[in-house]
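> Before I ask anything, here is the structure I am working with.
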Amino acid sequence: QKEVEQDPGPLSVPEGAIVSLNCTYSNSAFQYFMWYRQYSRKGPELLMYTYSSGNKEDGRFTAQVDKSSKYISLFIRDSQPSDSATYLCAMRQAGANSKLTFGKGITLSVRP
Amino acid sequence: SAVISQKPSRDICQRGTSLTIQCQVDSQVTMMFWYRQQPGQSLTLIATANQGSEATYESGFVIDKFPISRPNLTFSTLTVSNMSPEDSSIYLCSVERTENEKLFFGSGTQLSVL
């Protein structure tokens, strides 16, 4: 079992839809959880950063962490064509020198 | 965040040659990393570039194939040596801000080896 599993997609939704992106993980020591957005021919851009369990909201984006289920989600409300990108989940343990473990990423396409 | 300039942005190289990728950061950072991103695969850490000492390589990556330099706190290079088509990938430089432990990426180098 891989440490981080992410549905590879791709995912296509109409403009205005609510999008739910998910990752599961097996390492209970993970404490920090991130979502990156990567546009074509660009590097990953940090979108959301959360510590431990709970929700974090930033505009149309909500990150949710459920450590008991080892499950994280990213919700995008009122999706826009500009949200079309690859979304990567990532996570790490606490402590110096801990490394990020990434999911494979899911490509989202928002149709006008 | 951090402004990370990476070049070249893309290159097409012949088998057996080497390519050096440069990464410049707009401010001093302690931790710099090099990643590889292959289609359908997770981002894979190649090595951690340590200022003033040798890079620390992850399992499956060796210094002879991927030599790294880190002459100061704002700059690093990754060389992909004796390239083969299997080295075709996106290579990404990243930096970590010690104060918040967030990882930021450069725009990447798309490498194609013929």
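The values are calculated or read from the model by the stated rules, or taken from the named source; none is laboratory data. It should be emphasised that the depicted structure is a prediction, and the values quoted were computed from it without experimental measurement. Reconstructed Cβ throughout: ideal geometry from the backbone, glycine too, with neighbour counts over all protein chains shown. Remember, those area values only see protein heavy atoms, side chains included, never the ligands or the DNA or RNA. Shrake-Rupley method; radii C 1.70, N 1.55, O 1.52, S 1.80 Å.
> Can you give the FRET efficiency for B:Arg97 and B:Ser9, using 1/(1 + (r/R0)^6), R0 = 25 Å, r = Cβ-Cβ distance, to the nearest 0.05?
On the way: r = 24 Å, r/R0 = 0.95.
In this case the efficiency is close to 0.55.
> What percentages make up the Cα-Cα pair-distance distribution of segment A:21-112 when the bins are 10 Å wide from 0?
Here the calculated profile for segment A:21-112 is 17, 50, 28, 5, 0.
> With a 1.4 Å probe and every protein chain left in place, tell me how much accessible area A:Ser82 has, in Å² to the nearest 10.
70 Å²
> Now for a different question. Throw me the Rg/Rh for the protein assembly as shown, computed over C-alpha atoms with Kirkwood Rh, two decimals.
Details: Rg = 17.7 Å, Rh = 18.2 Å.
Here the Rg-to-Rh quotient is 0.97.
> Segment B:16-60 to segment A:2-29: how many Å between their Cα centroids?
The distance from the Cα centre of segment B:16-60 to that of segment A:2-29 comes to 26 Å.
> On to the next question. R0 = 22 Å: FRET efficiency of A:Ser12 with A:Ser53, Cβ-based, nearest 0.05?
The computed FRET efficiency comes out at 0.10.
> Using Cα positions and a limit of under 17 Å, work out the aspartates and glutamates in reach of A:Lys70, with same-chain residues fewer than 8 apart set aside.
Result set, ordered by chain and number: A:Glu3, A:Glu5, A:Asp7.
> Please report the net charge: other residues with Cβ closer than 10 Å to the Cβ of A:Thr101, K and R +1, D and E -1.
So the surrounding residues net to +2.
> Sticking with this structure for a sec: Express in whole angstrom the spacing between the alpha-carbon centres of segment A:55-91 and segment B:67-83.
34 Å
> Would you mind checking B:Lys7/B:Lys65; B:Lys65/B:Lys102; A:Lys42/A:Lys67; A:Lys56/B:Lys7; A:Lys2/B:Lys7 for any pair whose Cα atoms are more than 26 angstrom apart?
B:Lys65/B:Lys102; A:Lys42/A:Lys67; A:Lys56/B:Lys7; A:Lys2/B:Lys7
> If you filter segment A:5-49 for trypsin sites (Lys or Arg not before Pro), then keep DSSP loop positions with at most 11 other Cβ within 10 Å, what is left?
When the trypsin sites (Lys or Arg not before Pro) of segment A:5-49 are filtered for loop state and at most 11 Cβ neighbours within 10 Å, A:Arg41 remain.
> Modelled label-to-label distance, A:Gln93 and A:Ser40, 7 Å Cα→beta-carbon offset: nm?
With each label point 7 Å from Cα toward Cβ, the separation is 4.0 nm.
> For B:Thr30 and B:Gln110, what does the FRET efficiency come to when R0 = 41 Å and r is the distance between their Cβ atoms, rounded to the nearest 0.05?
Once rounded, the FRET efficiency stands at 0.90.
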